[in-house]
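For reference, the structure discussed in these notes is given below.
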Amino acid sequence: MVFRAFGAADAEARGRRLMEIAKARRLVLLVGADAGLTARVGAHGVHLPERLAHRARPLKTAHPGWIVTAAAHSARAARRALACGADAVVVSTAFASRSPSAGAPLGSLRLAILARQAGGAVYALGGVTHKNARLLKDAGLAGLAAVDAFRT
């Protein structure tokens, strides 16, 4: 799960509640672009926007137990984030999505090519369902996990 608080006044309380849910369900909770909030709620790590991917290694150095992921919207951005120390990249938009921030969908073939070019762990985001997740597997994406976003 990625909690994107965006400076909400109740971010810490919501983050603590999400961490309780994550523990109970044995999920991983990452906080979007806020290392301080990540530490305060005891989350498993941080998810960085593409423009902040260069902060991955310093975050991992300061917090060795954290998982640090970064958004990527191209193979170049994915390679750069991984080279900067990100554990994985989250690539969007995989399939058509109703999310207001969704871009044009990549589809399984372009996503497969991007994942191979990235050279590391790649997660698909946007419009992924139990039905089209099969397309990712069928495209030869061994090790590619499919996830979709939801709002709290």
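Each value in this text was obtained by applying a stated rule to the coordinates, not by laboratory testing. Remember, predicted model here, so these are calculated numbers, not experimental data. Don't worry about glycine lacking a Cβ; one is built from the backbone with ideal geometry, like all the others, and counts go over all protein chains shown.
Which of Ala133, Ala94, Ala24 ends up with the largest GNM mean-square fluctuation for the chain, with Cα atoms connected below 10 Å? Looking only at Ala133, Ala94, Ala24, the biggest GNM fluctuation is shown by Ala24.
Site pair Arg51 and Arg25 shows an inter-label distance of 3.0 nm when each label is modelled 7 Å from Cα along Cα→Cβ.
With r defined as the distance between the Cβ atoms of Asp10 and Ser74 and R0 fixed at 25 Å, what FRET efficiency is calculated, to the nearest 0.05? Kindly include the intermediate steps, with their values, before the conclusion.
On the way: r = 35 Å, r/R0 = 1.38.
Step by step, r from the Cβ atoms, then E = 0.15.
For the Cα trace of the chain, dividing Rg by the Kirkwood Rh returns an Rg/Rh value of 0.96. Working note: Cα gyration tensor of segment 1-48, eigenvalues times five, square-rooted, sorted largest first, giving semi-axes of 15, 11, 8 Å. Coupling constants for segment 120-127 follow from the phi torsions by the Karplus curve (6.51 cos²θ - 1.76 cosθ + 1.60, θ = phi - 60°), and in residue order they are x, 6, 10, 10, 8, 9, x, x Hz; glycine and proline get x.
Expressed as a rounded percentage, what relative contact order does the chain have, with Cα pairs under 8 Å and six or more residues apart? Once normalised by length, the contact order is 15 percent.
Seen from a random direction on average, the alpha-carbon convex hull of segment 1-81 projects onto 5.3 square nanometres. Look at where the Cα atoms of segment 1-37 and of segment 68-102 average out, and the two centres are 20 Å apart. The H on the amide N of Val90, modeled in the peptide plane, is under 5 Å from the matching H of Ala70, Ala71, Ala72, Tyr123, each at least 5 residues off or on a different chain.
Between Lys131 and Ala39, full extension at 0.36 nm per residue minus the direct alpha carbon distance yields a gain of 29.5 nm.
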